Ligand code: SF4
């Protein structure tokens, strides 16, 4: 029998104090909701019945803004997970926080509750860029939050956004290096339908994204981080050695993950099938469903969908994929001539069973996966 993968747990907290003009996540204005915490705890017990006993790879509080949750709420979710499954040493317990929520007492409380990695939504250290993004923190608050996080948590990650028209974010990478932050996730500003930026563009107002400056900003960030021994272990993620995100690696490696909270996605392998789940989007529907015991919209992935997902996620990372695993699920071989061509042109690397992208291959990943999956 194949050993089950360790289980990653994602907890979605959908509330934010205000909605940023570029955000298309499942978010709602607000902060606390005691009923939602209870529903998440109930949902976790349903998942445990379904998954059986498993080791935990990681717990991740994402959102929305989970730094709006109280220490007691974080503590009850972490304790419930630990009670339901087993958490081996080294499991990552991460929480996404907004700089404006920085509070020493609360963050020390989070740490006591088990949080060992804080991921800060700094986005930029530039005041103009932050105001353009509609963030409720300024550069000073960003500096204070990062400095405080580094004193409290053993592992600190920052989110940075680049590609804002008319804004120079080239110094953000230097701030990361100077402060000694452990991990960076970068996001290119994109304009998604349904966001305030999209509506502004529809009205003919100035474009928020500039593709040329976006490419320049990314390359300057990449150079600064690379020069300073941050390893680009995934397309948009950099880490000092040993500080790679265990939780995100679980997605990219095709591990099983539980998704609780409104709109959260999950994947669980049961009886040889990989099942995809999506929780109800609206908090009210989610809470109702959690108490009724049937919470997710479930779909069994076909073997070829499972294989494609594994390939598309795995090739994002430096470590790549196992060819054998892919071909077993796909029930077909990877196109040999295409692989050879992509190796020849230095987009792919093939090392026995491992197929991975080169640095230049990761820059054109859609092209590569398109070639491999046709
Ligand atoms: S704080 Fe984050 S999740 Fe909330 S609206 Fe802004 S970008 Fe979206």
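The values are calculated or read from the model by the stated rules, or taken from the named source; none is laboratory data. Keep in mind the model is a prediction, meaning the values are calculated, not measured. Every residue, glycine as well, gets a Cβ built from its backbone with ideal geometry; the counts of neighbours run over all protein chains shown.
Note on the stretch 67-90: among residues that are buried (at least 17 other Cβ atoms within 10 Å of the Cβ) and part of a loop (DSSP other than H, G, I, E, B), the one that is nearest to the ligand (Cβ to nearest atom) is 69.
Considering each residue of the stretch 22-34 in turn, at least one proves to be surrounded by fewer than 20 Cβ atoms within 10 Å (Cβ to Cβ) and part of a helix (DSSP H, G or I). Taking the criterion of being surrounded by 20 or more Cβ atoms within 10 Å (Cβ to Cβ) and not in a strand (DSSP E or B), the residues of the stretch 290-305 that qualify are 290, 295.
Checked against (1) part of a helix (DSSP H, G or I); (2) surrounded by 13 or more Cβ atoms within 10 Å (Cβ to Cβ), residue 370 passes all but condition (2).
Please find, within the stretch 1-21, the residue that is farthest from residue 190 (Cα to Cα) out of those that are more than 16 Å from the ligand (Cβ to nearest atom) and surrounded by 15 or more Cβ atoms within 10 Å (Cβ to Cβ). The qualifying residue farthest from residue 190 (Cα to Cα) is 4. Entry remark, the stretch 215-274: residues being assigned to a strand (DSSP E or B) and over 14 Å from residue 10 (Cα atoms) number 11 in total. Of the numbered criteria (1) modelled with pLDDT of 95 or more; (2) closer than 19 Å to residue 68 by Cβ; (3) under 22 Å from the mean Cα position of the chain (by Cα), the one residue 148 fails is (3).
Taking the conditions exactly as written (within 9 Å of the ligand (Cβ to nearest atom) and farther than 30 Å from residue 273 by Cα), does residue 64 satisfy them or not? Considered against the rule, which asks whether it is within 9 Å of the ligand (Cβ to nearest atom) and farther than 30 Å from residue 273 by Cα, residue 64 comes out as yes.
With respect to being touching a residue at least 12 places away in the same chain (Cβ under 8 Å) and either at negative phi or over 20 Å from the mean Cα position of the chain (by Cα) (or both), residue 265 fits the description. Here residue 30 clears all of (1) in contact with a strand residue (DSSP E or B) (Cβ under 6 Å, 6 or more places away or on another chain); (2) within 16 Å of the ligand (Cβ to nearest atom); (3) touching a residue at least 40 places away in the same chain (Cβ under 8 Å) except the condition numbered (3).
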